[in-house]
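Chemist: Before I ask anything, here is the structure I am working with.
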Amino acid sequence: MKSDIEDVARDEYYARMALRGLTPLWTVMAETVPPEPVPACKPAFWDYADDIRPALLEAADLISADEAQRRVLILNNPSLSRGATRTLLCAMQLIKKGEIAPAHRHTQSALRLVIEGDGAYTAVNGEKTYMRPGDFIVTPAWTWHDHGKDTDGSMIWLDGLDIPLVNHLGATFSEEYESPQVAESRKPDHSRARYGSGLLPLEPVATTHHSPVFSYPYEKAREALELLRREDEWDASNGLKMKYANPVTGGHVLPTISSFIQLLPKGFVGSPYRSTESTVATVVEGRGRARVGDQIYTFAPNDVFVLPNWTWASLEADEDSVIFSYSDRATLEKLGLFREQREPCRVVA
Ligand code: GTQ
Ligand code: FE2
């Protein structure tokens, strides 16, 4: 037992230390070295049809892609000052006929998941890929990229970036290109043909931090999931979940961000799962529920939700459902910080 005199002496010491920018560890042990992660990020959900889509259509009348540079709405998690998780940003972008989102590059890595429309392209270092709903596209860090649309109508896609992570690390650089578009360097989808068809060039392929393939068509991913479902190898928590891979290394597509496509068959009731990764998910097809922490979200196509780090979550599908997701797992694995936990016996009410 410590005496009152000791108490007073300690409090007086703590107050003096605070003024000097010194904090005794023993006064902040629980928050500094907690026994397990205490997520600062809470679950979050955005409704596409009712909220995101109308907001983007309004922006389409309010400002041009040229003036905005990118006509993008950021999906902010209410528990954070900016971003969907503490490492990842999620946004939705709209482009109209005749518009160009001018070429630029940045040290943050980006990915796209195409939501609706047709005829728009995104170009990476002068190589275009025309986007179709469900397609997954990577824009590696420090590559020049521009987006454009020559055909009628609007096109919408989801942007995923590691902006909060890279900004936190203090490693953000960006620059505008000298003209709105980078001149065509290769025919559209050159990289996919060269690296993305189960074929590789005979000469050694340099391993870079990112996949040499920029575009992963939905058609291919969907076909693979459909073939795999016949094998009946469902994971109790994640259904049939596959990662998008760098075909040269077998690793994740980007150095910081992992991306996944997942099939949940009609009637699937997943058992709870949590990991140290922070995940953003969007619904490509189907309907169901996501139980995330103390929240229950009813999801429909193109809705977006956050699965925070170390937070129990489970998925249920009322129809065959396909979920695209991206997470900071690629970062965590490199640092030896990825851990996961399954609770198959936990009863889901
Ligand atoms: O399309 O290049 O949502 O640079 C945020 C930053 C999209 C883009 C975003 C970007 C982009
Ligand atoms: Fe960009």
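The values are calculated or read from the model by the stated rules, or taken from the named source; none is laboratory data. Predicted, not measured: the structure shown is a model, and the values here were computed from it. Backbone-built Cβ (ideal geometry, glycine too); neighbour counts: all protein chains shown. Side chains are part of the model used for accessible areas, which takes the heavy atoms of the whole protein and leaves out ligands, DNA and RNA. Shrake-Rupley method; radii C 1.70, N 1.55, O 1.52, S 1.80 Å.
Chemist: If a residue has to be touching a strand residue (DSSP E or B) at 6+ places or on another chain (Cβ under 6 Å) and either of a type in the set (A, V, I, L, M, F, W, C) or in a strand (DSSP E or B) (or both) to count, how many in segment 297-308 make the cut?
Modeler: Of the residues in that region, 7 qualify.
Chemist: Just checking, does segment 330-341 include any residue being surrounded by 22 or more Cβ atoms within 10 Å (Cβ to Cβ) and in a strand (DSSP E or B)?
Modeler: no
Chemist: Would you check which residues across segment 131-158 are under 21 Å from Phe260 (Cα atoms), more than 15 Å from ligand 2 (Cβ to nearest atom) and part of a strand (DSSP E or B) and list them?
Modeler: Matches in segment 131-158: Phe136, Ile156.
Chemist: Are there any strands (runs of 3 or more DSSP E) wholly within segment 33-111 with 2 or more residues that are surrounded by 19 or more Cβ atoms within 10 Å (Cβ to Cβ) and touching a strand residue (DSSP E or B) at 6+ places or on another chain (Cβ under 8 Å), and if so which?
Modeler: Fully inside segment 33-111 and qualifying: 44-46, 89-95, 100-106.
Chemist: If only one of Glu176, Glu184 is loosely packed, with under 15 Cβ neighbours inside 10 Å, within 14 Å of ligand 2 (Cβ to nearest atom) and more than 22 Å from Glu285 (Cβ to Cβ), which one is it?
Modeler: Answer to the check: Glu176.
Residue by residue, here is whether (1) of a type in the set (Lys, Arg); (2) away from ligand 1 (no atom under 13 Å from the Cβ); (3) under 27 Å from Pro43 (Cα atoms) holds:
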{"site": "Glu99", "(1), (2), (3)": "no, no, no"}
{"site": "Pro102", "(1), (2), (3)": "no, no, no"}
{"site": "Ser109", "(1), (2), (3)": "no, no, yes"}
{"site": "Val124", "(1), (2), (3)": "no, no, no"}
{"site": "Lys128", "(1), (2), (3)": "yes, yes, no"}
{"site": "Trp142", "(1), (2), (3)": "no, no, no"}
{"site": "Ser154", "(1), (2), (3)": "no, yes, no"}
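Chemist: Quick check on my filter: what residues within segment 75-128 are small (Gly, Ala, Ser) and touching a residue at least 40 places away in the same chain (Cβ under 8 Å)?
Modeler: Gly83, Ala84, Ala91, Gly98, Ala101, Ala103, Ser109, Ala110, Ala123, Gly126
Chemist: Could you tell me whether segment 20-33 includes any residue that is away from ligand 2 (no atom under 16 Å from the Cβ) and of a type in the set (Lys, Arg)?
Modeler: yes
Chemist: Taking segment 215-249, which residues are on the phi > 0 side of the Ramachandran plot and open to solvent by 40 Å² or more (accessible area, probe 1.4 Å)?
Modeler: Scanning segment 215-249 gives a single hit, Asp232.
Chemist: Confirm whether Pro212 is away from ligand 1 (no atom under 13 Å from the Cβ), open to solvent by less than 60 Å² (accessible area, probe 1.4 Å) and within 23 Å of Ser325 (Cβ to Cβ).
Modeler: Taking the combined requirement at face value, the residue satisfies it.
Chemist: Counting only residues that are among the hydrophobic types (A, V, I, L, M, F, W, C) and more than 18 Å from Gly134 (Cβ to Cβ), how many does segment 195-221 have?
Modeler: 5
Chemist: Sticking with this one: Does Glu231 satisfy the condition of being free of Cβ contacts under 8 Å to residues at least 12 places away in the same chain, of a type in the set (Asp, Glu) and not in a loop (DSSP other than H, G, I, E, B)?
Modeler: Spelling it out, it is not the case that Glu231 is free of Cβ contacts under 8 Å to residues at least 12 places away in the same chain, of a type in the set (Asp, Glu) and not in a loop (DSSP other than H, G, I, E, B).
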